[in-house]
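Student: Before anything else, here's the structure in question.
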Amino acid sequence: MFTGIVEELGEVVAVEQRGDSARLTVRGPLVVSDAHHGASIAVDGVCLTVVDVDGDTFTADVMAETLGRSALAALRPGSPVNLERPVTLADRLGGHLVQGHVDGTGAVLARTPGTHWELVRLSLPADLARYVVEKGSVTVDGVSLTVVEVGADWFSVGLVPTTLALTTLGRKAPGDPVNIEVDVVAKYVEKLVGERT
């Protein structure tokens, strides 16, 4: 489990295509400082399992399901990525409950700069719209954010200076894809209520 509080802005070093899967090598000195084979690291919000650590890089396999459901297939050597290690029971939960199980992708639609922040509008897949609510939590590229507004096929978030400077969201342009993970609590509530009716 993660919190959506990005620890480090990493960089993709290599992408090896393996038929219907891929192997990513990512540079992230902080997140590899205590990583080992089998550890989990979220890359742009996608929980990946470490298969190798070499210096300040780690390697992880990405299966077809993940490539199809997330924006990881668009990564190339040199791509910046948001990195986060899993939360421990002793950590503060600074963001919200994030599984690292991306539900789908959207794209940046527009950016509106403020004095020291930006309002970013993102597209939202129709099947995820019911889980995104105004002032609720959503994860975009692994970043825990509060929803500002919601439309039928879009939502907006406000990015503070720290988020703009320390995550990939400060660099995303209109048209760029993003990974979206909706609040898992909403999905469980829907299932439980649906089973009762």
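Student: Only residues that are in contact with an Asp or Glu (Cβ under 8 Å, 6 or more places away or on another chain) and surrounded by fewer than 14 Cβ atoms within 10 Å (Cβ to Cβ): list them for the stretch 31-48, please.
Tutor: HIS37
Student: Okay, moving on. For the list (1) under 16 Å from GLY100 (Cα atoms); (2) at pLDDT below 95, I need the number of the one condition that SER21 fails.
Tutor: (1)
Student: On to the next question. So SER79 clears everything in (1) out of contact with any helix residue (DSSP H, G or I) (no Cβ under 7 Å at 6 or more places or on another chain); (2) in the same structural domain as ALA42 (by TED's automatic domain parsing); (3) more than 27 Å from ASP34 (Cβ to Cβ) except one condition, right? Which one?
Tutor: (3)
So that you can scan it fast, the table gives a plain yes or no per residue for (1) among the hydroxyl-bearing types (Ser, Thr, Tyr); (2) over 16 Å from the mean Cα position of the chain (by Cα):
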| residue | (1), (2) |
| --- | --- |
| LEU122 | no, no |
| ALA126 | no, yes |
| TYR131 | yes, yes |
| SER144 | yes, no |
| ALA152 | no, yes |
| THR167 | yes, no |
| GLY194 | no, yes |
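Student: Where residues in the stretch 93-110 are aliphatic (A, V, I, L, M) and in a loop (DSSP other than H, G, I, E, B), which of them is farthest from THR139 (Cα to Cα)?
Tutor: The extreme case among them is LEU93.
Condition check ((1) over 19 Å from THR162 (Cβ atoms); (2) in contact (Cβ under 8 Å) with a residue 12 or more places away in the chain; (3) among the hydrophobic types (A, V, I, L, M, F, W, C)) across all residues:
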{"site": "ARG85", "(1), (2), (3)": "no, yes, no"}
{"site": "GLY94", "(1), (2), (3)": "no, yes, no"}
{"site": "LEU97", "(1), (2), (3)": "yes, yes, yes"}
{"site": "THR115", "(1), (2), (3)": "no, no, no"}
{"site": "VAL120", "(1), (2), (3)": "no, yes, yes"}
{"site": "SER123", "(1), (2), (3)": "yes, yes, no"}
{"site": "ALA126", "(1), (2), (3)": "yes, yes, yes"}
{"site": "ARG130", "(1), (2), (3)": "yes, yes, no"}
{"site": "VAL133", "(1), (2), (3)": "yes, yes, yes"}
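The values are calculated or read from the model by the stated rules, or taken from the named source; none is laboratory data. Nothing here was measured: the structure is a model prediction, and the numbers come from that model. Heads up, the Cβs are rebuilt from the backbone with ideal geometry, glycines too, and the neighbour counts pull from every protein chain shown.
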